[in-house]
1. Counting just the residues of the range 53-66 that are surrounded by fewer than 23 Cβ atoms within 10 Å (Cβ to Cβ) and more than 9 Å from P339 (Cβ to Cβ), which one comes out farthest from the chain's Cα centre (by Cα)?
2. For G248, state whether it is within 30 Å of C71 (Cα to Cα), small (G, A, S) and outside any loop (DSSP other than H, G, I, E, B).
3. List pairs: first in the range 295-323 and farther than 27 Å from M505 by Cβ, second of a type in the set (F, W, Y), Cβ under 8 Å, 6+ apart or cross-chain?
4. Quick one: in the range 80-96, which of the residues that are part of a loop (DSSP other than H, G, I, E, B) and of a type in the set (K, R) is modelled with the lowest pLDDT?
5. Taking into account only those residues within the range 245-275 that are surrounded by fewer than 24 Cβ atoms within 10 Å (Cβ to Cβ) and of a type in the set (A, V, I, L, M, F, W, C), which is farthest from G188 (Cα to Cα)?
6. Could you tell me whether the range 480-503 includes any residue that is at pLDDT 95 or above, part of a strand (DSSP E or B) and more than 18 Å from R275 (Cα to Cα)?
7. Taking interchain pairs and intrachain pairs at least six residues apart, which have beta carbon atoms under 8 angstrom, with the first residue in the range 154-178 and under 14 Å from S124 (Cα atoms) and the second of a type in the set (S, T, Y)?
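The values are calculated or read from the model by the stated rules, or taken from the named source; none is laboratory data. None of these values were measured; they are calculated from a predicted model. No Cβ is skipped: glycine too gets one built from the backbone with ideal geometry, and neighbour counts run over all protein chains shown.
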Amino acid sequence: MPLVRNPILPGFNPDPSIVRVGEDYYIATSTFEWYPGVQIHHSKDLANWELVTRPLSRKSQLDMRGNPDSCGVWAPCLTHDGDKFWLVYTDVKRKDGSLKDTHNYIVTAPSIEGPWSDPVYVNSSGFDPSLFHDDDGKKWFANMLQDHRSRPRQFAGIVLQEFDPSVGKLVGPKKNVFLGTELDLVEGPHLYKRNGWYYLLTAEGGTAYNHACTLARSRDIWGPYEVHPQKHILSSRDTQFAALQRAGHGDIVETPQGKTYLVHLTGRPITQQRRCVLGRETAIQEAFWKDDWLFVKDGPVPSLYVDVPGVRDDTKYWAEQRYTFENGLHKDFQWLRTPETERIFSTQGGKLALFGRESIGSFFEQALVARRQVHFSYDAETVVDFSPADERQFAGLTAYYCRYNFFYLTVTAHSDGQRELLILTSEISWPEGKLEMPLADPVKIPNEGKVKLALTIRGRDLQFFYALGGEELKKIGPVYDASILSDECGGHQSHGSFTGAFVGMACSDINGTVLPATFDYFTYRPVRYETDRYEV
């Protein structure tokens, strides 16, 4: 049987939580400021995965307007107690500096498709919450504990408390059960029970290149927890040339045949700056038990190729995706922060209308609809109909990471009303970076008529194109460095950016008159490119 190549969920799919219900496997991953919240993929064989739902899809469950970049939904935990699904998640309102605002909630559903309940608020003492269903019927809630005083650490340990579903709140004593190891930054707790042992799997070292999975065990759920003989059962921190870097933040699942697998976060850097342009992805490792300890096969360094029950079919992965809007917005697309979609887009009439709101860098309300970049090289194309009156109205095609890092080919207008094409960017423009807007000379175009906009990405190189009427595409602007669309360049802290590169359509009207732009279609075309070391 051929081995499956990691990652199993390519592109921005971090912090995986896995559960098996009968013959079905489900993985929940973080979505941060992208709406709807939490991606859940389904598989029958651990090799082929399909996005089935994003359960946090209404205002009562999630409203992220005002959340900074890389805040929002962190590290969901998906479990099943034999009766229904439980999804635990954090909505982070502030992350930078010593003070963090991290609100933890629980929603439930009878099936993975829903309906998902309104949230029950649990606590705000830290992030990465999880729920463990013990065999005596009790439910235990764990999260990392945040200490803004750093006495001695900001990541102060894993706190545990019983959750009573009958009253919908935490009850009884709470205890800090695990302080972590000297690697520090202990987070991402998951609890398990096997052969009378309680196991606590955590993430340590931060989510960048020191990341690791740390395992500990105890005969009592309250501890004390003994650390694994290897300490870190999975990590790439000491192997800088391993194909899978940033390995950590894992979860464990068993097959019906009793085989154990670990899913985990990973990244695949490009360029000498080690930039992960596809964001943090989800990989899988085969594992085994020995002396009541779990070991990763051929670990602790993660393997690029893994033996799983199924054989992956990559046909869809490499297929061109041409999106039209007759049946609404395709599930591949997301938008930013807001649950009130009627204020930012519509698909009536078979086209996508974006209603110009705030700028592309707004933390509150912007009309931007995009899909993940899941290949190192690809082409994207759309056709836009937009009639701006001045330079404060612009719409077009964007390769987007966050408000600090994007490239944006816009249809806009000069202050005299003449329509033009203008490339905008905000490459690390705050607080110390140099503002680079615009990057290329504007190109005047007729004041009426649709415009075809396109871009190509080949590894780190991005090139924009445009065409008028029935003309062939022609280049506009220089070749840009697309590798800045990565965690490593996502803002003023390399440890503080957690999402991934997107490509899509946007519209802004910072006059406040909500001028719409209409898009006929959107095409995403994967390209096999000879320098993409993991895909050819």
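1. Start the filter on the range 53-66 by keeping residues that are surrounded by fewer than 23 Cβ atoms within 10 Å (Cβ to Cβ), which leaves 53-54, 57-61, 63, 65-66.
With more than 9 Å from P339 (Cβ to Cβ) added as a condition, the list becomes 53-54, 66.
Working: T53: 14, R54: 12, G66: 18 Å.
Taking the candidates together, the pick is G66.
2. Details: within 30 Å of C71 (Cα to Cα): yes; small (G, A, S): yes; outside any loop (DSSP other than H, G, I, E, B): yes.
In short, yes.
3. Note: pairs meeting the criteria are F295/F288; F295/W289; K297/F288; L304/Y534; V308/Y261.
4. Result: K95.
5. I270
6. No: the range 480-503 contains no residue that is at pLDDT 95 or above, part of a strand (DSSP E or B) and more than 18 Å from R275 (Cα to Cα).
7. Listed pairs, sorted by first residue: I158/T202; V159/S125.
The rows are residues; the columns are (1) of a type in the set (D, E, K, R); (2) surrounded by fewer than 22 Cβ atoms within 10 Å (Cβ to Cβ).
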| site | (1), (2) |
| --- | --- |
| N6 | no, no |
| S17 | no, no |
| D69 | yes, no |
| K100 | yes, yes |
| D118 | yes, yes |
